[in-house]
1. Please determine, by comparing only the residues of region 47-72 that are open to solvent by 60 Å² or more (accessible area, probe 1.4 Å) and either under 15 Å from residue 36 (Cα atoms) or at pLDDT 95 or above (or both), which one is nearest to the chain's Cα centre (by Cα).
2. Any residue in region 233-256 that's under 17 Å from residue 208 (Cβ atoms) and at pLDDT 95 or above: show its pairings with residues that are assigned to a helix (DSSP H, G or I) and among the basic types (Lys, Arg) at Cβ separation under 7 Å, as long as the two are six or more apart or on different chains.
3. Scan region 143-187 for residues that are farther than 22 Å from residue 106 by Cβ, aliphatic (A, V, I, L, M) and in contact (Cβ under 8 Å) with a residue 24 or more places away in the chain and jot them down.
4. Going by the structure shown, is residue 206 out of contact with any Cys (no Cβ under 6 Å at 6 or more places or on another chain), assigned to a helix (DSSP H, G or I) and among the small types (Gly, Ala, Ser)?
5. Restricting to region 36-74, give me the number of residues that are more than 21 Å from residue 194 (Cα to Cα), in contact (Cβ under 8 Å) with a residue 12 or more places away in the chain and assigned to a loop (DSSP other than H, G, I, E, B).
6. In region 119-146, which residue that is away from the ligand (no atom under 11 Å from the Cβ) and buried (at least 20 other Cβ atoms within 10 Å of the Cβ) is nearest to residue 17 (Cα to Cα)?
7. So for region 177-185 (the condition being out of contact with any Asp or Glu (no Cβ under 9 Å at 6 or more places or on another chain) and within 9 Å of the ligand (Cβ to nearest atom)), does at least one residue qualify?
Amino acid sequence: MKVIILPTADDVGDQAARVIIDGISSGTLSVLGVATGSSPLPIYRALAKYTGVDLTSLTAYALDEYVGLAKTHPQSYQSVINTEVTLPLSLDPTRVHVPDGSARDIDAACAAYDAAIANSGGIDLQILGIGSDGHIGFNEPTSSFASRTRVKTLAPQTRADNARFFDSIDEVPIHCITQGLGTIMEAKQILLVALGSGKADAIAAAVEGPITSMCPASILQMHPNVTVILDSAASSGLRLTEYYDYVAANLPAWQR
Ligand code: F6R
């Protein structure tokens, strides 16, 4: 796991956007996994500033969606992805996929979503945020490390964290569809971003703690190509920050 600690959220967004642009420019990134929530917003803002990079051929898959919110609801992840990703980055909307939280047969929709990702050749780079309880996607603590895209029940903590996007906590759906941990781990490259002190404990557990389903993000320790980009507040629970800075200052020439 490569850990990069930067002063501000904008620095985190710029650095993550550079990794994505490098992947697109070198031809290794054509299928992007996108996350919602506040953490990736600086990445999308930074990507929107790149001119001369054509993103129209990019295929994108969102991590998750609420169950029971109409697609047109402003807080459905379909709407959020449209507003924050598809429109500002001029992606082709027919290539941007979000799980169908209104499907009549939700289990079939989940299976179809995994199949669609596989048919696209798999996700080249997956953007992840992390929940204060260590979730990635909406894989809450005790999620199976082998899980596929499926329905999950949001933890009360996650509903409370996400209440800021709604008028009241009662409006936050209880269920969601999320890519499974097994699905996420199949991405060829993973970029996890975290901002603010509210993520410090989750990041410490994910990066330096034991691999346990009690902190679902800790499974990323088993992935061969993960970069964690943090602002200093989110890094404040880590024990080895000096080592991560030392590694960053002494990158081998071919990795600079
Ligand atoms: C969103 C997602 C979640 C969020 C996490 C952090 O698609 O999969 O795992 O990344 O809940 O949310 P923010 O960034 O709003 O703190």
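1. Among those residues, the one meeting the criterion is 71.
2. Here the result reads 234/199, each pair linking region 233-256 to a residue that is assigned to a helix (DSSP H, G or I) and among the basic types (Lys, Arg).
3. Those that are farther than 22 Å from residue 106 by Cβ, aliphatic (A, V, I, L, M) and in contact (Cβ under 8 Å) with a residue 24 or more places away in the chain: 185, 187.
4. Criteria not met by residue 206.
5. Qualifying residue count for the region: 11.
6. Among those that are away from the ligand (no atom under 11 Å from the Cβ) and buried (at least 20 other Cβ atoms within 10 Å of the Cβ), it is 125.
7. Scanning region 177-185 turns up no residue that is out of contact with any Asp or Glu (no Cβ under 9 Å at 6 or more places or on another chain) and within 9 Å of the ligand (Cβ to nearest atom).
The values are calculated or read from the model by the stated rules, or taken from the named source; none is laboratory data. The structure displayed is predicted, hence computed values, not measured ones. Neighbour counts are summed over all protein chains in view; Cβ atoms, including those assigned to glycine, are modelled from backbone coordinates with ideal geometry. These area figures cover heavy atoms from the full protein model, side chains too; ligands, DNA and RNA do not enter into them. Shrake-Rupley method; radii C 1.70, N 1.55, O 1.52, S 1.80 Å.
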